[in-house]
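Readers should treat all values here as calculations from the given coordinates under stated rules, not as data from a laboratory. Quick caveat, the model's predicted, so the values are computed rather than measured. Virtual Cβ from ideal backbone geometry, glycine too; neighbours counted across all protein chains shown.
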Ligand code: CAA
Ligand code: FAD
């Protein structure tokens, strides 16, 4: 593996770091407290090319590789994991699926606005009774000839209220099980589509997570992505890349926890010396740094395989499984290193600890990643 970053990749990382520090850091605590969606910041991220990084420039995207995406996700997540989940869903679950499996008309209609951040997308797979068990879709898309009639409820949808375009998985032919599921593009203003309540969350409180209700929503046939019955495969293939995004989000939280711990340990004095001079703190920092390095390598490996168009489903599951565990561990240690100051909002690390937890749950829980990995390893 060659991870010598190119000039362009280094420039993307520097731009993301600069943006995160100048535009996301001021106000991040207030947005978390108020559960305020970072609308202005997401607009700026769109203008800087972070909302459709890998989309072909002919559809308004950045034409960048997945390695650049990992680098940018890490830097943005070091500061604001609420903003980075919006970025991850838009890039990997919405733009990617549309670009790779959409018709030319669908790409031209939806991608330019999504890739430039003028509009935000949402990916709607989970339901009240179909989370990990994603093939058990209860939402139905009845084939009515020139349109589908969509009925059902989706749960936990990121960008639920801020999106304009929703990719909705729904069952058309239950006899065919997951091969009867379709992915439909639903626009915000379609009749019968209602955005439900906003979830009051432990972490990533700046992102908006909603349930969505569909009652006899007429979705034109031309809004189906791919062939009849392709929806579940599309969802799984999109999630393989999505998991690289969330792994990088977790990496960012882990790395942010480390950076803040190093700075604090060099500043805080106890027993006549900086706490960084105490071996107990040094060893914590050593463990945290080693874990960040390992998580980063797994993220970059998955991204590199994706860029080379090799199979990356196992690599992305491994990256997500490990990076999310490291995010949790490093955030807890960062709070410990900060002592009492770690327990209050001003020092950011308590937010990291709350934000880290979701990375072990969404886009497939850690248990689901182990299913994906073990099936690959044992086959
Ligand atoms: N890549 C490609 N295809 C995959 C796949 C993968 N990673 N995982 C499964 N598939 C395919 C299988 O090959 C199979 O297709 P065929 O029948 O054509 O061979 C089909 O999907 C069904 O797979 P299984 O038979 O393995 O089905 P299962 O029910 O035993 O298990 C599962 C499937 C892997 C557990 C899957 O349901 C899963 O990944 N669950 C987790 C769901 C998830 O990640 N949800 C995330 C929602 S989005 C989100 O969370 C966004 C956010 O927060 C920001
Ligand atoms: P369950 O599937 O009920 O799992 C409960 C527990 O059982 C977990 O620990 C799980 O690992 C374990 N478990 C389940 N099955 C097995 C098994 N076979 N073997 C071992 N253990 C198992 N979904 C979307 O579609 N789009 C989104 O944008 C989105 N955003 C989200 C944002 C937030 C903040 C949250 C909380 C969730 C979001 N989700 C989204 C949903 C998320 O993907 C699901 O919550 C997740 O996949 C788990 O499903 P569940 O909550 O139904 O848990």
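Taking only the C-alpha atoms of region 1-139, Rg followed by Dmax gives 16.0, 48 Å.
In region 123-172, the DSSP beta bridges split such that about 60 percent are antiparallel, to the nearest 5.
Taking packing as the residue-averaged number of other Cβ atoms within 10 angstrom, the listed peptides 240-248, 265-273, 95-103 run from highest to lowest as 240-248, 95-103, 265-273. Distance from the C-alpha centroid of region 117-146 to that of region 28-59: 24 Å, rounded to the whole angstrom. Between the Cα long axis of helix 349-358 and the first principal axis of the chain there is an angle of about 30°, rounded to the nearest 10. Here 375, 296 are placed in order of increasing Cβ neighbour count within 10 Å, fewest first, which gives 375, 296. For the peptides 341-348, 36-43, residues were scored by their other Cβ atoms within 10 Å and the scores averaged per peptide; the highest-first order is 36-43, 341-348. Using bins of 10 Å that start at zero, the share of Cα-Cα pairs per bin across the chain amounts to 5, 25, 33, 24, 9, 3, 1, 0, in whole %.
As a length-normalised measure over Cα pairs under 8 Å and 6 or more apart, the relative contact order of the chain settles at 16 percent. So what's the gap between the Cα centers of region 190-216 and region 227-296, to the nearest angstrom? Between the Cα centre of region 190-216 and that of region 227-296, the gap is 29 Å. Calculated on the alpha-carbon coordinates, the convex hull of region 63-141 measures out at 136 cubic angstrom per residue. Once the Cα atoms are used to define both axes, helix 104-115 deviates from the longest principal axis of the chain by about 30 degrees. Ordered from longest to shortest, the equivalent ellipsoid semi-axes for region 149-276 are 43, 18, 11 Å, each the square root of 5 times a Cα gyration tensor eigenvalue.
Could you tell me how many degrees, from 0 to 90 and to the nearest 10, lie between the Cα long axis of helix 66-79 and the main elongation axis, the longest principal axis, of the Cα atoms of the chain? Compared with the principal axis, the helix lies near 60 degrees. Per residue of the chain, the DSSP helices (runs of n ≥ 4 H) give a summed -39500 (n - 2.57) that works out to -16000 deg cm²/dmol at 222 nm. Considering the zone a paramagnetic label at residue 15 would reach in this model (a point 7 Å from Cα along the Cα-to-Cβ line), which residues of region 99-120 have amide N under 15 Å from it? Within reach of a label on residue 15: 115-117.
With both labels modelled 7 Å from their Cα along Cα-to-Cβ, the residue 267 to residue 222 distance reads 5.7 nm. Expressed to the nearest 5 percent, the antiparallel share of DSSP beta bridges inside the chain is 85 percent.
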